[in-house]
Amino acid sequence: MKCNSIIQDIDGIKLDWVESIEKIGTETWYQCFSEEDVLHAYDLHKATEMAALKDVKFHYLLAWKAGEVVAILPCFSFRTSLTTVASEFMNRVVTKVRKFWREFLYLDIFIAGTPIAICKELIGIRYPPVDPRFSPLLTRLGEAVKVRARTLGIDMVLIKEITSAHLPYAKAALREYYSFVESPATTYLYLGEPGIGSYRERLRKKYRSLMNSRQRRFEDAGYEWRVCQDFAPYAEQMETLYLQVLHRAKIRFETLNSNFFKEVSRSLGNRAFAVLVFDDDQLIAFELVMQDQHWLHPLYLGMNYNDRDKGALYFNLIYKIVEIAEDAGRPLVQLGQTSYKAKASIGAVAERLYLAVANNNPHLNFLMHHFGNVFFPPTEIARQQRTFRDMELNNQALRRLGVNFEVHPE
């Protein structure tokens, strides 16, 4: 790959913007991202770009040194409401203001990351965070993102979603230009390991009985499970079911379309599959799942809310993911953002995520620096329930597997 449109050359680092992932190519991409991590897979992010999500435009920042790419920072721009993750009180206030000022707090945003909910940063730097070259390079990338946004006439800039493990490194590199606020937390469920027992075996009697009851409701409803790698034929139905969930969600960043499901199905091979629920021949629910040799990642849920309670669809989809993960020998599943109380009730814990936020308008930047938590309030972590007979072992296993969660006991 050749380096075109050089915009800076400082300390031997050259920065370059391109507007399609295809101009980067697979070989160059994996110089900066792990091939083992499905959430960083070239094919996943190419599929996202090819889906042509509404009002989303992609930008990719490349850093070169001595003729080699040393960093890739995928970005995108789109128009949204600044109240996307704000508190209910803030949303009520803004709703009243918009009766007189329709565009109040609607704005274009330039975001470093991906539109899809991978619940982690998408920052490809060839050096590990402890390498002394990492921090100054990330600083350069953060500065370049602000400049790119300003060139496009965009004030608001975000870098998403920074995990708690990487937060100290991000702050060290970006704090001169960025403030840090919370993004909606992600969730993890520890299943078990050989010698410890399965998820079902580890449940306390009360929760095991609840699981059995929910699964009987599913069976009594006559619903059918199908697990498909080729789910493209169902893409339009999946979009309809996904939108039912999205329209009920308090937090809305991206809006997917049927093209996204088609492209993922066609591009990811056995690294993506859909868990489908049918009522006769009618698709009524699904979970889109990514997998690699280490992880199972349920990314998106869709369901017909008219059928939700009859077959306990929400919980049974999670139980089905647990079953698939256990069959694959996975001790841990990431369950993603939202529905924290429901997930806590089956034993999941939450890990906080963060955003780096800046604004090219100095007045708005001051507002964001001092009142960022109003627009991006911390996640209310649900209390950890005593779901398992071995709670201490459960929490120790989560920490051993790298989950940085908070305990708020019953």
So if I check each of Gln244, Gln237, which one is in contact with a strand residue (DSSP E or B) (Cβ under 6 Å, 6 or more places away or on another chain), farther than 20 Å from Ile324 by Cα and of a type outside the set (A, V, I, L, M, F, W, C)? Gln237
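Give segment 40-64 a look and list any residue that's of a type in the set (Val, Ile, Thr) and over 24 Å from Leu296 (Cα atoms), or say none.
Val56, the sole residue that qualifies.
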Residue that is nearest to Val56 (Cα to Cα), among those in segment 247-282 that are modelled with pLDDT of 95 or more and of a type in the set (Val, Ile, Thr): Val264
Just to be sure, is Ile111 assigned by TED's automatic domain parsing to the domain that holds Ile24, at pLDDT 85 or above and part of a strand (DSSP E or B)? yes
All positions within segment 219-236 that are over 19 Å from Asp307 (Cα atoms) and without any contact (Cβ under 8 Å) to a residue 12 or more places away in the chain: Pro233
Six or more apart or on different chains, Cβ under 6 Å: which pairs go from a residue in segment 20-34 that's among the acidic types (Asp, Glu) to one that's modelled with pLDDT of 95 or more and in a loop (DSSP other than H, G, I, E, B)? Could you list them? none
In segment 155-174, is there at least one residue being closer than 26 Å to Leu53 by Cα, at pLDDT below 95, out of contact with any Ser or Thr (no Cβ under 7 Å at 6 or more places or on another chain) and not hydrophobic (A, V, I, L, M, F, W, C)? yes
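When the residues of segment 313-352 are filtered to those that are part of a strand (DSSP E or B) and of a type outside the set (S, T, N, Q), which remaining residue is surrounded by the most Cβ atoms within 10 Å (Cβ to Cβ)?
Checked segment 313-352; the qualifying residue surrounded by the most Cβ atoms within 10 Å (Cβ to Cβ) is Val349.
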Give me the pairs: first residue in segment 381-409 and surrounded by fewer than 14 Cβ atoms within 10 Å (Cβ to Cβ), second residue aromatic (Phe, Trp, Tyr) and in a loop (DSSP other than H, G, I, E, B), beta-carbon distance under 7 Å, and six or more apart or on different chains, which are they? none
Inspect all residues belonging to segment 301-319 and state whether any of them is farther than 26 Å from Leu203 by Cβ and acidic (Asp, Glu). no
Sort out which residues of segment 123-148 are in a loop (DSSP other than H, G, I, E, B) and either buried (at least 20 other Cβ atoms within 10 Å of the Cβ) or aliphatic (A, V, I, L, M) (or both), and write them in order of number. Ile123, Val130
Tell me, yes or no, whether segment 224-246 has at least one residue that is modelled with pLDDT of 95 or more, buried (at least 17 other Cβ atoms within 10 Å of the Cβ) and either within 24 Å of Phe376 (Cα to Cα) or touching an Asp or Glu at 6+ places or on another chain (Cβ under 8 Å) (or both). no
Per the filter on segment 45-85, residues at pLDDT below 95 and either aromatic (Phe, Trp, Tyr) or assigned by TED's automatic domain parsing to the domain that holds Leu243 (or both) are Phe78
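The values are calculated or read from the model by the stated rules, or taken from the named source; none is laboratory data. Note that the structure is predicted; figures quoted are calculated from it, not measured. Backbone-built Cβ (ideal geometry, glycine too); neighbour counts: all protein chains shown.
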